[in-house]
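No lab work stands behind these numbers, since they all come straight from the coordinates. Remember, it's a predicted structure, so these values are computed and weren't measured experimentally. With ideal geometry, Cβ positions are generated from the backbone for all residues, glycine too; neighbour counts draw on all protein chains shown.
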Amino acid sequence: MYYIIVNPASKSGRGAKIWSELEPVLEHKEIPYKVFFSKGVEHITKLVRDLSTSLLKADSDSVLRFIILGGDGTLNEALQGISDFSRVQIGYIPTGSSNDMARDLGLSKEPHKTLERILSCHEPIFMDLGCLTYHTCERSSGSTADTGKQVPAQGEPALNRYFSVSSGIGFDAAVCEEALASKFKNILNKIGLGKLTYLSIALKQLLLARKISCTITLDDDRQIYLPKFLFVASMIHQYEGGGFKFCPGADSGDGILDICAVGNIPKWLILIALPTAFSGDHYRFKGIERYAASKIHLETSAPLWVHTDGEVRMKSNSITVSCEQKKLQLLL
C-alpha cells in the first residue's frame, strides 16, 4: 500500500494536473494506494503524523510507504510528521519550482519515469537528514514577531525542524520568506519565469541587509567570528534556492553538513559573486568560505529569518544545526 500526498498547488496548480496523469498508471498496474490532498500550510504535517501514529501502532512490524508529489517544501512538511524514520519509506515526485533535492539526485523531470522508478524500488536508499534547533525564536506573520517576545519560554523544550536539502539563516531565508508571500510568484511560475521572483527579491533584500555579526561554532570546538555576514547555509545536498550550487560535491550520506558562509564582502561584489554560485565557482571570492561539521551552532547579534528547505517559520538569533546520518529512507 502506498499513501500518496499531493500538493495540488505546487508549480502554480500543475501538481493536481500531474497527479491526474499519474493516477491511471497505478490503476492499470492494480497497485493499492490511498491519496490525500494538501489543503494548506501544515496540513501535510498533520496528515503524515496521523497516518504514522495510527498505522504504525496498529502493526508493530509494518513499514509505511509514502509518495510525496510536490516541491522541496512539500517534502519538508511531510518530514515534520514522521514519528519513526526507521519504519517510513518515501518516494518523491518533484513538482515544485526549485526541486533542489531532485536536481542533486538526478531525478527525471518526467513524473511518469519517476513514479515507475519508485514502484520498482525494493531496497530504499538511506540519506542524511538535517535537524534545526531553535534556541530562541520569533514566530513569523504573528504577534510574537511583532512584539519581539522570545519563545520557547524558560523551561520549555527547544523547537526542532527537520530538513532534507538545506537550512539557512540570514539573506537566503529572508528571500524565501518574502517569496512565499509574493503575489507575483505564481504568475511568473505559470509562464516559466518563476526565478525572476527570487532575483528581484534577492536584489531588494541585498540592498536592505543590515550589518549583523555572527559567531559560528563547529562541532562544539572550532569558533569563527564574522563581524558582518550575509547568510550561512548548512547543506545536505549541493544545491539550494533553485539551482545555486552553494556546496559543490556535498555528499548526502556522509553524516557531514557542508557549510557556505558569506561574510564580510561588499554588496556590489555579491552581485558579481552570486551568479557564479550556479556553477559552484563562488569560493574564489574573498569573504565566501566553506566549512564542514556534523553540528554547527550559530549566534547572531539580531534575530534573522531561518529556513528549512525554503520553508520559513521563525526568526532566531541562536540556532543549532546537526546532521543525522542516513536517517531518511528514499525509494529511488
message = At a threshold of 8 angstrom on Cα-Cα distance, excluding pairs fewer than six apart, so keeping six or more, what relative contact order does the chain reach in percent?
response = 22 percent
message = If I model a spin label at Leu55 and Lys39 as a point 7 Å from the Cα along the Cα→Cβ vector, what separation in nanometres do I get?
response = 1.9 nm
ask   = Based solely on its DSSP helices, what 222 nm [θ] is calculated for the chain when runs of n ≥ 4 H residues each add -39,500 (n - 2.57) and the sum is averaged over all residues, nearest 500 deg cm²/dmol?
value = -9500 deg cm²/dmol
ask   = Taking the chain as a Gaussian network, where each spring joins two C-alpha atoms under 10 Å apart, which residue of Leu22, Leu304, Leu257 fluctuates the most?
value = Leu22
query = Quick one: which of Lys109/Lys245; Lys39/Lys295; Lys204/Lys286; Lys11/Lys245; Lys57/Lys326 span more than 29 angstrom between C-alpha atoms?
reply = Lys39/Lys295
key: Loop-resident sites, the range 1-104, for chymotrypsin sites (Phe, Trp or Tyr not before Pro), counting at most 16 other Cβ within 10 Å (DSSP)   = none
ask   = Tell me, which longest segment in the chain has none of the GluC sites (Glu not before Pro) that fall in DSSP loops with at most 16 further Cβ atoms within 10 Å?
value = 43-332
query = Hey, with R₀ at 30 Å, roughly what FRET efficiency would Val25 and Ser279 work out to, going by the Cβ-Cβ distance, to 0.05?
reply = 0.25
request  = With springs only between Cα atoms under 10 Å apart, run a GNM on the chain and tell me which of Met314, Met101, Met235 wobbles the most.
outcome  = Met314
request  = Rounding to the nearest 20 debye, state how big the charge dipole of the chain is about its Cα centre with +1 on each Lys and Arg Cβ and -1 on each Asp and Glu Cβ.
outcome  = 1060 debye
remark   = Projecting the Cα atoms of Thr45, Phe126, Ala9 onto the charge dipole of the chain, where Lys and Arg contribute +1 and Asp and Glu -1 at Cβ, the residue farthest towards the positive end is Ala9
